[in-house]
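Peer 1: Could you have a look at this structure, given as structure tokens, before my questions?
The values are calculated or read from the model by the stated rules, or taken from the named source; none is laboratory data. All figures in this text were calculated on a predicted structure; none of them were measured in a lab. Every residue, glycine among them, receives a Cβ derived from its backbone with ideal geometry; neighbour counts consider all protein chains shown.
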Amino acid sequence: MIIVNDVYKRYKTAHGVGRWVLEGINLTIPPKVNVGLIGSNGAGKSTLLRLIGGVDHPNKGSVQRLCRVSWPMGNGGLEGTLTGRQNAKFVCRVHGHQKDLVDRLAFIKDFSELGHAFEEPIYTYSSGMRSRLQFALSFAFNFDVYISDEVTAAGDAAFRKKAADAFKTMTDRAGLIMVAHDNKTLRQFCQAGVWLHKGKAHWFDQIDDALNAYKDSLPK
């Protein structure tokens, strides 16, 4: 279970403190529920995802993770001066996988399909290559909840199918919180939805109800 309690978030800008992206967000995300975050550009979807994943912190309020939560796949978290292999080694050691390090690294390299680029620095990667590595890193470990920020859009058609198949397998044993701009992807993987609008979060038990609320809010 993940509890988002009265969370506020805003960022500093060149002109000082910016507007509140999130204002008083309250959510309880049950275990093994696949949730899609929905909203217009700038509504705070990726911001909320980072807060849930623990890679960013709210200005006010708290996020309680009463389970093992992955970092956001497809969104940051890699050290640019290190190679793909070195990044993978670091993550494996953080998660206590010293004894099976060779097997974990082999899985990550194979799943990411990076080939020789696995031995190159991250700063030489395209955004798609970064996303593929992050996807492989996340699936190298067992989490209770996986967090995805547009990662199923990474790579070519074959890799996107591979990503979709992996998500389907994962949702049999864990939960998923996803940001995707494609309604088909959200309907494919998500049961429930959270519509973010004007800094507030609205929970819907059915993903289609969340998508309809978002659609109805658009200018006619």
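Peer 1: Among residues belonging to segment 80-99 that are out of contact with any helix residue (DSSP H, G or I) (no Cβ under 7 Å at 6 or more places or on another chain) and among the hydrophobic types (A, V, I, L, M, F, W, C), point out the one that is surrounded by the most Cβ atoms within 10 Å (Cβ to Cβ).
Peer 2: PHE90
Peer 1: Could you please find all residues in segment 182-220 being under 18 Å from the mean Cα position of the chain (by Cα), of a type in the set (Phe, Trp, Tyr) and farther than 17 Å from GLU23 by Cβ?
Peer 2: Hit for segment 182-220 is PHE189, nothing else.
Peer 1: Considering only residues that are assigned to a strand (DSSP E or B), of a type in the set (D, E, K, R) and modelled with pLDDT under 95, which ones fall in segment 11-46?
Peer 2: LYS12, ARG19
Peer 1: Return yes or no: is VAL179 surrounded by 21 or more Cβ atoms within 10 Å (Cβ to Cβ), aliphatic (A, V, I, L, M) and touching a Pro at 6+ places or on another chain (Cβ under 9 Å)?
Peer 2: yes
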